[in-house]
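A.B. asks: Before I ask anything, let me first share the structure, which is written out below as structure tokens.
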Amino acid sequence: MTEITSTRSLNRVAEDARTLAALTEAPEILRVVNVWDPVSTRVISELPGTRAIATAGHSIAASHGYADGEQIPLDLMIAAIARIVAATDHPVTADLDGGYGNAGETARRAMGVGVSGANIEDQLRPLEESAALVADVVAAGEQEGVAFALNARTDAFVRGGDRPLDEIIADAIARGRAYLDAGATSIFVPGILNAEVTRALVDGIGDRKISVIGLPGALSAAEYERLGVARISYGPMPQNVALTALKRLGTSLLADGSIPDDTEQLNNF
């Protein structure tokens, strides 16, 4: 596949990376609604509260007919992200899964299409190996003149299995500290985190250093903000909500329903 040409210069990417870091460090929690294609990007970009755009790797893969977990070819993922970047003026942070075998090079390619930050998963690799992966991504940014805003993800909770909760929390804290030491901007700890667990993570990793995911059963963004969380994203949930609405509409139309009168025309290009 031909490499996509960026719509943003590296100077612009570097500026966007500084903006992402500042938004992460601000007292107000950074809320990012994950997108998966140009039209979803434009809809979210036009909302007054949007400060940055985050891609959803699971959703991009699904929209191309692939399962999650680096099943989509990297060339296709980078091309999809490039089209998202072209559809917005906001800084873009991308979901790059586990780095596709070479996290530093994958991050460099993402920067090449205009991305200024990313999530990259540790997938519970050994701690030393995971910290080296973070360092590789940070170094790739430095080589491009970009203080890349890496939201380093630890899968301590989602891959924790039947380990005791205190061991999971301790592992997440140890990994978070190591990734910050290696140059990460923030630490993404996905899972349904209650107030007690969130407080322990913030105490152990740092105020305004934790990123969480909004899921059914999780706390609200405002509650996480009060606990010192830096950022909240929503992963595949926006696409799930959109597809649920489509399924309900299709069921109605196939039962001789009609298009609701309040339907907006949101897909004009």
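A.B. asks: Report, by residue number, each residue of segment 188-212 that is in contact with a Lys or Arg (Cβ under 6 Å, 6 or more places away or on another chain) and under 12 Å from Tyr224 (Cα atoms).
C.D. replies: Ser211
A.B. asks: Restricting to segment 218-269, count the residues that are outside any helix (DSSP H, G or I), loosely packed, with under 15 Cβ neighbours inside 10 Å and at pLDDT 95 or above.
C.D. replies: Matching residues across segment 218-269 total 2.
A.B. asks: Within segment 29-41, does at least one residue satisfy the condition of being more than 14 Å from the chain's Cα centre (by Cα) and under 24 Å from Ser220 (Cβ atoms)?
C.D. replies: The answer is yes, given that some residue of segment 29-41 is more than 14 Å from the chain's Cα centre (by Cα) and under 24 Å from Ser220 (Cβ atoms).
A.B. asks: Another question, then. Report yes if Asp37 is buried (at least 17 other Cβ atoms within 10 Å of the Cβ) and under 19 Å from Glu121 (Cα atoms), otherwise no.
C.D. replies: Considered against the rule, which asks whether it is buried (at least 17 other Cβ atoms within 10 Å of the Cβ) and under 19 Å from Glu121 (Cα atoms), Asp37 comes out as no.
A.B. asks: Could you tell me how many of the residues in segment 172-231 are within 16 Å of the chain's Cα centre (by Cα) and not aliphatic (A, V, I, L, M)?
C.D. replies: Number of matching residues: 9.
A.B. asks: Quick one: which helices (runs of 4 or more DSSP H) lie wholly within segment 56-117 and hold at least 1 residues that are within 16 Å of the chain's Cα centre (by Cα), without any contact (Cβ under 8 Å) to a residue 24 or more places away in the chain and buried (at least 17 other Cβ atoms within 10 Å of the Cβ)?
C.D. replies: Numbers: elements: 57-63, 74-86, 103-112.
In segment 56-117, the matching helices (runs of 4 or more DSSP H) lie at 57-63, 74-86.
The values are calculated or read from the model by the stated rules, or taken from the named source; none is laboratory data. All figures in this text were calculated on a predicted structure; none of them were measured in a lab. With ideal geometry, Cβ positions are generated from the backbone for all residues, glycine too; neighbour counts draw on all protein chains shown.
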